[in-house]
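Below you'll find the structure, written out as structure tokens, and then a few comments.
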Amino acid sequence: MTNDGLMARWEAMLRIRRAEEAVAGMVESGEARCPCHLYIGQEAVAVGVCAALQGEDTVWGGHRSHGHYLAKGGSLEAMFAEILGRESGCSSGRGGSMHLVSEENGILGTVPIVGATVPLAVGAAMAYKMRGERHVAVSFFGDGTIEEGSVHESLNLAALYRLPVIFICENNLYASHMHWRERRVWDNFDRAGVFHGISCERADGNDVSAVSEAAGRAVGRARTGDGPSWIECRTFRWRGHVGASFDLDVGVKRRGELSEWLNRDPVARVERELAVRGVADLGERSAAIDREVAEALERARRGATPAGSRVLEAVYAEARCAH
Ligand SMILES: Cc1ncc(C[n+]2csc(CCOP(=O)(O)OP(=O)(O)O)c2C)c(N)n1
Ligand SMILES: [Mg+2]
């Protein structure tokens, strides 16, 4: 990868990290009133996958999707505004942290129902195939999603029709507060699609280059009609399941694991590589990202909240029945 390519990935990861730290502050101060599931520690997955996509390709996510939204080009200000319930939010302030959307950037939706966007991504891929479009649909989801029945139905359909869809299983080892060993017999997250005839691999989810190479192979298969791919990206969330704390307060024995994964920080890893390559001081770019995040948050704060009489607008579909 070129130095410029690596710099671009580092910047994208750092922007997510700083935005998430700002959200953590908003949660702690009570300014953010919706539940927020932070992505800190997993940035290399969103950035690595989105680096392999084109603008028209679409992504879908779940409850922990700030990183997917930002990596695919979603606006920082519209995300902060959404979390703060402002009209200028990407879902007009009606959805909050778990309902991020930006059609113009190919972010067709994030939904907190675990597994819900897996069939939606398959449906989008089916539409691309039927219309003869060369787009790719990507579904991001956690290791807990593998336990949802609709996921396996979707995998079978995607394989059978050789659909241009990529399944990104972000295995952060926990679903809420349950380690995968309490939920499964085998560590076979990297082979979940094999039974359905889907090409599967595991990538180091804390290595942005490894993730983008695996995603690049999957995109290649999708665009040439070779059908779906499944990539398990093994990683770790630093913060608690929801909110800003580190989970050490809820009786989950993550202390040893957390310190081990802090040493595998995906952002610091790229910084080390850039230093080895002799890329000049990152301090200036880092300060510019800090400013970008702070300014976006300030603009979001200035946005109006919906009037009480209008809060249900754009929440339910309008009836289109003629009579
Ligand atoms: C269908 C459904 N069941 C249960 C929940 C409650 N729930 C929200 S997040 C979550 C855990 C998800 O774990 P995982 O898929 O590993 O994602 P992570 O939080 O680790 O990113 C659960 C059980 C839900 N939102 N939807
Ligand atoms: Mg998980």
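With at positive phi and either in contact (Cβ under 8 Å) with a residue 24 or more places away in the chain or within 18 Å of the chain's Cα centre (by Cα) (or both) as the only criterion, which of 216, 193, 227 stands out?
When all the criteria are applied, what remains is 227.
When you go through (1) away from ligand 1 (no atom under 16 Å from the Cβ); (2) closer than 28 Å to residue 29 by Cβ one by one for residue 110, which number turns out not to apply?
(1)
Would you mind stating whether residue 144 is within 14 Å of ligand 1 (Cβ to nearest atom) and either in contact with a strand residue (DSSP E or B) (Cβ under 6 Å, 6 or more places away or on another chain) or within 20 Å of residue 221 (Cβ to Cβ) (or both)?
yes
Out of all the residues in region 77-92, which are in contact with a Leu (Cβ under 9 Å, 6 or more places away or on another chain) and over 16 Å from residue 31 (Cβ atoms)?
78, 90, 91
Yes/no per residue for (1) touching an Asp or Glu at 6+ places or on another chain (Cβ under 8 Å); (2) at pLDDT 95 or above; (3) small (Gly, Ala, Ser); (4) over 27 Å from residue 260 (Cα atoms):
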| position | (1), (2), (3), (4) |
| --- | --- |
| 7 | no, yes, no, no |
| 24 | no, yes, yes, no |
| 30 | no, yes, yes, yes |
| 34 | no, yes, no, yes |
| 39 | yes, yes, no, no |
| 43 | no, yes, no, no |
| 50 | no, yes, no, no |
| 60 | no, yes, no, yes |
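Evaluate the following for residue 204: is it under 22 Å from residue 14 (Cβ atoms), more than 16 Å from ligand 2 (Cβ to nearest atom), surrounded by fewer than 20 Cβ atoms within 10 Å (Cβ to Cβ) and in contact (Cβ under 8 Å) with a residue 12 or more places away in the chain?
Yes.
What number goes with the only condition from (1) among the hydrophobic types (A, V, I, L, M, F, W, C); (2) in a helix (DSSP H, G or I); (3) free of Cβ contacts under 8 Å to residues at least 60 places away in the same chain that residue 100 does not pass?
Unmet condition: (2).
Between 87, 147, which is modelled with pLDDT under 95, surrounded by fewer than 20 Cβ atoms within 10 Å (Cβ to Cβ) and not hydrophobic (A, V, I, L, M, F, W, C)?
None of the others qualify; the one that does is 147.
What's the number of the only condition in (1) within 16 Å of ligand 1 (Cβ to nearest atom); (2) assigned to a helix (DSSP H, G or I); (3) buried (at least 24 other Cβ atoms within 10 Å of the Cβ) that residue 158 fails to meet?
Checking residue 158 against (1) within 16 Å of ligand 1 (Cβ to nearest atom); (2) assigned to a helix (DSSP H, G or I); (3) buried (at least 24 other Cβ atoms within 10 Å of the Cβ), the one that fails is (1).
Which numbered condition trips up residue 111, out of (1) over 30 Å from residue 299 (Cα atoms); (2) surrounded by fewer than 22 Cβ atoms within 10 Å (Cβ to Cβ); (3) hydrophobic (A, V, I, L, M, F, W, C)?
(1)
Counting just the residues of region 166-188 that are in a strand (DSSP E or B) and near ligand 2 (Cβ under 10 Å from one of its atoms), which one comes out surrounded by the fewest Cβ atoms within 10 Å (Cβ to Cβ)?
178
Specify the residue that is surrounded by the fewest Cβ atoms within 10 Å (Cβ to Cβ); the eligible residues are those in region 17-74 that are among the hydroxyl-bearing types (Ser, Thr, Tyr) and in contact (Cβ under 8 Å) with a residue 40 or more places away in the chain.
58
When you look at residue 283, is it closer than 19 Å to residue 41 by Cβ and modelled with pLDDT under 95, yes or no?
no
Name the residue, out of 269, 299, 277, 320, that is within 24 Å of residue 80 (Cβ to Cβ), charged (D, E, K, R) and either modelled with pLDDT of 90 or more or surrounded by fewer than 16 Cβ atoms within 10 Å (Cβ to Cβ) (or both).
Result of the check over 269, 299, 277, 320: 299.
Only one residue in 167, 195 is of a type outside the set (Asp, Glu) and within 16 Å of ligand 1 (Cβ to nearest atom). Which one?
Only one candidate qualifies: 167.
What are the residues in region 65-116 that are of a type in the set (Lys, Arg) and within 14 Å of residue 139 (Cα to Cα), if any?
Of everything in region 65-116, just one residue is of a type in the set (Lys, Arg) and within 14 Å of residue 139 (Cα to Cα), namely 72.
The values are calculated or read from the model by the stated rules, or taken from the named source; none is laboratory data. This is a predicted model, so every value here is computed, not measured. Positions of Cβ are backbone-derived with ideal geometry, glycine not excepted, and every protein chain shown enters the neighbour counts.
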